[in-house]
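Asker: The following block contains the structure, expressed as structure tokens.
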Amino acid sequence: MDIAIRVGDVVKIVELPPFLKTADPMPMLRPATLVRLGEEGRVLEMRPAGYYSVRFANGTFLVDGKYLAAADTASE
């Protein structure tokens, strides 16, 4: 999915990644079940290689952009 995501945008998970990586200074791998398919979060930071730091209800994670869509267009 090729969308323009900016810092501050609200995004949705459109496909669950195999795992989540925390956006902490010392990242940890966590199970993908910490977020739900369709859950919304806010982009806090853009990272290299198409990754975004996104804050969800259960924490802030680094998510590949291919798993995200803008919240207002995710249902299209």
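The values are calculated or read from the model by the stated rules, or taken from the named source; none is laboratory data. Small disclaimer: the values here were computed from a predicted structure and weren't measured. Counting neighbours? That spans all protein chains shown, and the Cβs are built from the backbone with ideal geometry, glycine included. What goes into the accessible areas is simple: the full protein's heavy atoms, side chains included, and nothing from ligands, DNA or RNA. Shrake-Rupley method; radii C 1.70, N 1.55, O 1.52, S 1.80 Å.
Asker: Top mean-square fluctuation among 57, 49, 23, Gaussian network model of the chain, C-alpha springs under 10 Å?
Answerer: Maximum among the listed residues: 49.
Asker: Calculate, for the chain, the solvent-accessible area per residue in square angstrom, rolling a 1.4 angstrom probe over the heavy atoms of the protein chains.
Answerer: Averaged over the residues of the chain, the accessible area is 64 Å².
Asker: Which of these values of volume of the Cα convex hull per residue in Å³ was calculated from the structure shown: (1) 160; (2) 104; (3) 83?
Answerer: Correct label is (3).
Asker: Please get the size of the charge dipole for the chain, origin at its Cα centre, with Cβ charges of +1 on Lys and Arg and -1 on Asp and Glu, quoted in debye to the nearest 20.
Answerer: In total the dipole reaches around 240 debye.
Asker: A further question on this structure: Name the residues whose placed amide hydrogens come within less than 5 Å of the amide hydrogen of residue 9, ignoring near sequence neighbours (fewer than 5 apart) on the same chain.
Answerer: Those qualifying (amide H under 5 Å, at least 5 residues apart or on another chain) are 43.
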